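Here the structure is laid out as structure tokens; the discussion comes afterwards.
The values are calculated or read from the model by the stated rules, or taken from the named source; none is laboratory data. Predicted, not measured: the structure shown is a model, and the values here were computed from it. All Cβ positions, even for glycine, are placed from backbone atoms using ideal geometry, and neighbour counts span all protein chains on display. Just the protein is used for accessible areas: all its heavy atoms, side chains included, with ligands, DNA and RNA removed. Shrake-Rupley method; radii C 1.70, N 1.55, O 1.52, S 1.80 Å.
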Amino acid sequence: MDFMDFLNSIIGKINNVLWSYVLIALLILSGLFYTLRTGFAQGRLLGDMVALITGKLSSLKDGEKKVAGQVTGFQAFCIAVASHVGTGNLAGVAIAVVVGGPGALFWMWIIALLGGATSLIENTLAQTYKVKDGKGGFRGGPSYYMEKALGQKTLGYIFSVIVIVTFAFVFNTVQANTIAQAFETSFGKYGMTTTIAAALTALIIFGGLHRIANVVGYMVPIMAIGYVVVAIFVLALNITHIPRLFMSIIEAAFGLKQVVGGTIGVAMLQGIKRGLYSNEAGMGSAPNAAATSNVSHPVKQGLLQAFGVFVDTILICSATGFIVLLYPDFATTAKEGIQVTQDALAYSIGNWGKDFITLCIFLFAFSSLVGNYYYGEANLEFLTKNKTSMLIFRIVTVACVFLGSVAKLAFVWNIADVSMGIMALMNIIVIA
């Protein structure tokens with residue numbers, strides 16, 4: 001066993017303890033608490049969420065004009081969704097279904113339903129305790145409400161460091177790793193693609209927040225709608241199998257065979273872990289984007305971000321889950337991650353499905369690279385206003401995109417799980 005394998009095994013053991021016992025309980029209990037305390041706001045106010053997205057319920061006060069340097073509620077929503085919607089939706093869901101079976105998809109739905117309430121709370125807090133950034137806009141997030149609401153500035157510093165490492169470095173390595181895998185499946189090579197991704201990332205992040213907001217504001221709706229439309233087309237082609245598909249999901253989540261075989265725990269663990277990685281509800285990431293907007297009431301942004309959880313998991317993760325479950329060989333394939341999704345779509349619609357997934361993963365992962373970077377930037381500004389530090393941070397972020405393409409898949413995902421778990425553990429306790 002070489003050093004990397006040894007390190008990977010240690011990180012895997014930490015993951016098992018953190019996720020199998022601590023975080024599952026905290027995520028479910030906090031989600032239930034906020035659901036009951038808000039009177040099931042994530043369902044009751046769904047109409048208001050849609051109205052905010054479509055502009056029928058304005059995110060600004062009547063007659064109030066957007067100030068230069070400020071981000072709209074919809075742009076903040078898109079920054080957060082850009083970070084959510086990435087490899088977790090295409091590769092992570094495939095991993096969850098292959099390892100945990102069809103029941104993993106059911107537990108993703110549950111964690112999204114409960115997570116909508118947690119997301120509402122953490123993003124409302126981010127708006128409540130945001131600060132002006134000196135450029136006409138706003139900054140905020142968990143580090144800011146740790147300091148301003150609880151007086152725990154040191155805790156805020158620790159959280160900021162974890163966010164920077166998790167999103168700008170570790171998660172961006174995961175995104176680049178998945179881009180590389182997808183292009184290897186389609187074209188047998190990926191070096192040039194990863195270089196292009198890194199160059200585009202650099203071009204956007206060196207342009208600042210408003211370039212990020214403008215890019216993802218256009219990219220997110222187009223890519224999400226396009227992917228869901230293709231998934232609906234796949235379901236239409238397999239319409240006679242849909243009843244069996246839903247039965248397999250429910251049976252795998254609660255069936256007698258699964259109880260006896262002990263696989264329900266695996267399905268629950270994979271569903272919750274991959275669901276959180278995808279929608280990030282309670283993790284303390286989306287509040288960094290939510291705090292940037294100018295809205296007339298903090299809850300408006302909270303509702304927008306809660307809707308993002310549903311878009312991410314109920315729409316896009318479900319789309320991937322259905323595509324993979326309709327592939328007869330999903331449980332026995334030797335492929336990993338995004339390659340399973342590529343093979344599954346190719347089975348339903350032909351070989352062009354692999355290339356379509358390659359395009360989707362490039363767009364999804366690229367939007368995540370940009371969104372993840374912004375989370376890191378917001379937290380670096382909490383730590384220091386030094387311009388040299390910001391320049392170094394941007395260079396290291398771009399370098400991680402290069403490094404991610406050659407890293408081992410299992411090691412990359414294990415690192416992501418640990419860092420994500422620590423963030424969620426701190427944030428859930430703090431917002432409570």
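Going by accessible area, probe 1.4 Å, with all protein chains left in place, what is the ranking of THR178, THR388, largest first?
Details: THR178 0, THR388 85 Å².
Result, largest first: THR388, THR178.
Which order, highest average first, do 352-359, 416-423 follow once you tally other Cβ atoms within 10 Å for each residue and take the mean per peptide? Walk me through the numbers on the way to the answer.
Values: 352-359: 18.8, 416-423: 21.4.
The densest-packed peptide leads the list: 416-423, 352-359.
What's the carbon and sulfur percent of region 99-165's accessible surface, probe 1.4 angstrom, rounded to a whole number?
Details: 1550 of 2370 Å².
That fraction is 65 percent.
Taking R0 as 56 Å, what's the FRET efficiency between ALA432 and ILE392 from their Cβ-Cβ distance, rounded to 0.05?
Values: r = 35 Å, r/R0 = 0.63.
After rounding to 0.05, the efficiency reads 0.95.
What is the distance, in nm, between label points placed 7 Å from the Cα along the Cα-to-Cβ direction at LEU26 and at THR154?
So the label points at LEU26 and THR154 sit 1.9 nm apart.
If the limit is 22 Å between Cα atoms, which of LYS13/LYS153; LYS132/LYS153; LYS132/LYS387 go over it?
Numbers: LYS13/LYS153 31 Å; LYS132/LYS153 17 Å; LYS132/LYS387 18 Å.
Too far apart for the 22 Å limit: LYS13/LYS153.
Work out from phi, with θ = phi - 60° and the Karplus expression 6.51 cos²θ - 1.76 cosθ + 1.60, the ³J(HN,Hα) of each residue of region 325-331, listed in order in whole Hz, and give x for Gly and Pro.
So the Karplus estimates, Gly and Pro as x, are 5, 7, 8, x, 9, 4, 7 Hz.
In whole Hz, with x marking every Gly and Pro, tabulate ³J(HN,Hα) for region 40-50 from phi via Karplus 6.51 cos²θ - 1.76 cosθ + 1.60, θ = phi - 60°.
Values, residue by residue: 6, 4, 5, x, 4, 9, 4, x, 5, 4, 5 Hz.
I'd like the Karplus ³J(HN,Hα) series for region 157-168: coefficients 6.51, -1.76, 1.60, θ = phi - 60°, whole numbers in Hz, and an x wherever there's a Gly or Pro.
4, 4, 5, 4, 4, 5, 4, 4, 5, 5, 8, 5
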